[in-house]
Amino acid sequence: MSSQYKFENFKNRNFPVYSSTQKGLGTLVVPHFHEAAELLRITKGKARGHVNTQCIYCEQGDILYIPPLCIHSVVSDDPETELQGVVFDFSLIPSELAEPQKTLNRDM
(Lines give C-alpha, C1' and ligand atoms only; values in the text may rest on other atoms or scores of the structure.)
Protein backbone atom coordinates (compact mmCIF):
# COMPACT_ATOMS: atom_id res chain seq x y z
CA MET A 1 0.00 0.00 0.00
CA SER A 2 1.46 3.39 -0.89
CA SER A 3 1.78 6.19 1.64
CA GLN A 4 0.00 9.42 1.10
CA TYR A 5 0.59 12.97 2.27
CA LYS A 6 -2.33 14.39 4.16
CA PHE A 7 -2.93 18.14 4.11
CA GLU A 8 -4.77 19.00 7.30
CA ASN A 9 -7.79 21.18 6.69
CA PHE A 10 -8.56 22.38 10.17
CA LYS A 11 -11.99 23.97 10.34
CA ASN A 12 -10.61 26.86 12.38
CA ARG A 13 -6.96 27.83 11.73
CA ASN A 14 -7.00 29.64 15.09
CA PHE A 15 -7.63 26.29 16.79
CA PRO A 16 -5.84 23.69 14.61
CA VAL A 17 -7.10 20.43 16.08
CA TYR A 18 -9.57 17.72 15.11
CA SER A 19 -10.52 14.29 16.34
CA SER A 20 -11.84 11.07 14.88
CA THR A 21 -12.88 7.57 15.95
CA GLN A 22 -12.12 4.30 14.17
CA LYS A 23 -13.60 0.93 15.07
CA GLY A 24 -13.37 -2.66 13.96
CA LEU A 25 -11.08 -5.16 12.35
CA GLY A 26 -8.30 -4.71 9.81
CA THR A 27 -6.66 -1.47 8.76
CA LEU A 28 -8.16 1.32 10.85
CA VAL A 29 -5.66 3.98 9.78
CA VAL A 30 -4.09 3.66 6.33
CA PRO A 31 -0.37 4.52 6.05
CA HIS A 32 0.07 8.28 5.72
CA PHE A 33 1.91 11.24 7.21
CA HIS A 34 1.21 14.91 7.85
CA GLU A 35 2.78 18.03 9.33
CA ALA A 36 0.62 17.90 12.47
CA ALA A 37 1.25 15.70 15.50
CA GLU A 38 -1.24 13.02 16.52
CA LEU A 39 -2.32 11.17 19.64
CA LEU A 40 -4.12 7.83 19.26
CA ARG A 41 -5.91 6.40 22.30
CA ILE A 42 -7.02 2.77 22.32
CA THR A 43 -10.41 2.82 24.05
CA LYS A 44 -11.29 -0.87 23.45
CA GLY A 45 -9.49 -3.97 22.26
CA LYS A 46 -5.96 -4.20 20.87
CA ALA A 47 -4.13 -2.81 17.84
CA ARG A 48 -0.73 -2.58 16.20
CA GLY A 49 0.50 0.91 15.57
CA HIS A 50 3.17 1.39 12.94
CA VAL A 51 5.29 4.54 13.16
CA ASN A 52 7.94 4.74 10.44
CA THR A 53 9.59 1.28 10.70
CA GLN A 54 8.55 0.53 14.29
CA CYS A 55 5.62 -1.71 15.25
CA ILE A 56 4.04 -0.85 18.61
CA TYR A 57 1.55 -3.20 20.24
CA CYS A 58 -1.22 -1.29 21.99
CA GLU A 59 -4.15 -2.29 24.14
CA GLN A 60 -7.05 -0.60 25.86
CA GLY A 61 -5.90 2.49 27.76
CA ASP A 62 -2.68 3.01 25.77
CA ILE A 63 -1.95 6.31 24.05
CA LEU A 64 0.33 6.36 21.03
CA TYR A 65 2.09 9.62 20.13
CA ILE A 66 2.89 10.17 16.45
CA PRO A 67 5.32 13.03 15.79
CA PRO A 68 4.88 15.24 12.72
CA LEU A 69 6.06 13.87 9.35
CA CYS A 70 6.20 10.23 10.54
CA ILE A 71 4.52 7.63 8.35
CA HIS A 72 1.98 5.85 10.51
CA SER A 73 -0.88 3.37 10.36
CA VAL A 74 -2.96 1.21 12.70
CA VAL A 75 -4.11 -2.38 12.19
CA SER A 76 -6.50 -4.33 14.42
CA ASP A 77 -6.91 -8.10 14.72
CA ASP A 78 -9.73 -7.64 17.26
CA PRO A 79 -13.23 -6.77 15.98
CA GLU A 80 -13.94 -4.96 19.28
CA THR A 81 -11.07 -2.49 18.79
CA GLU A 82 -11.90 1.18 19.00
CA LEU A 83 -9.48 4.09 18.90
CA GLN A 84 -9.77 7.83 19.14
CA GLY A 85 -7.33 10.07 17.34
CA VAL A 86 -6.54 13.72 17.93
CA VAL A 87 -4.51 15.59 15.33
CA PHE A 88 -3.09 18.94 16.41
CA ASP A 89 -0.70 21.60 15.26
CA PHE A 90 2.27 22.39 17.52
CA SER A 91 1.25 26.05 17.50
CA LEU A 92 -1.14 25.03 20.31
CA ILE A 93 1.76 24.06 22.58
CA PRO A 94 3.90 26.75 24.22
CA SER A 95 7.46 26.54 22.88
CA GLU A 96 8.94 25.83 26.32
CA LEU A 97 6.80 22.67 26.54
CA ALA A 98 7.62 21.52 23.00
CA GLU A 99 11.31 20.98 23.78
CA PRO A 100 12.10 17.24 23.55
CA GLN A 101 14.06 17.17 26.82
CA LYS A 102 11.08 18.39 28.84
CA THR A 103 9.12 15.95 30.98
CA LEU A 104 5.43 16.69 31.31
CA ASN A 105 3.40 15.64 34.31
CA ARG A 106 0.08 16.48 35.94
CA ASP A 107 1.63 19.03 38.30
CA MET A 108 2.78 21.40 35.54
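The values are calculated or read from the model by the stated rules, or taken from the named source; none is laboratory data. Since the model is a prediction, treat every value here as computed from it, not as a measurement. Cβ sites come from the backbone with ideal geometry, for glycine too, and all protein chains shown count toward neighbours. Ligands, DNA and RNA are excluded from the accessible area calculation, which covers all protein heavy atoms including side chains. Shrake-Rupley method; radii C 1.70, N 1.55, O 1.52, S 1.80 Å.
Looking at the range 58-97, which of the residues that are among the hydrophobic types (A, V, I, L, M, F, W, C), farther than 17 Å from residue 34 by Cβ and open to solvent by 40 Å² or more (accessible area, probe 1.4 Å) is modelled with the highest pLDDT?
Among residues in the range 58-97 that are among the hydrophobic types (A, V, I, L, M, F, W, C), farther than 17 Å from residue 34 by Cβ and open to solvent by 40 Å² or more (accessible area, probe 1.4 Å), the one modelled with the highest pLDDT is 63.
Among (1) open to solvent by less than 60 Å² (accessible area, probe 1.4 Å); (2) farther than 12 Å from residue 29 by Cα; (3) in a strand (DSSP E or B), there is one condition residue 40 misses while meeting the rest; what is its number?
Only one criterion is unmet by residue 40, namely (2).
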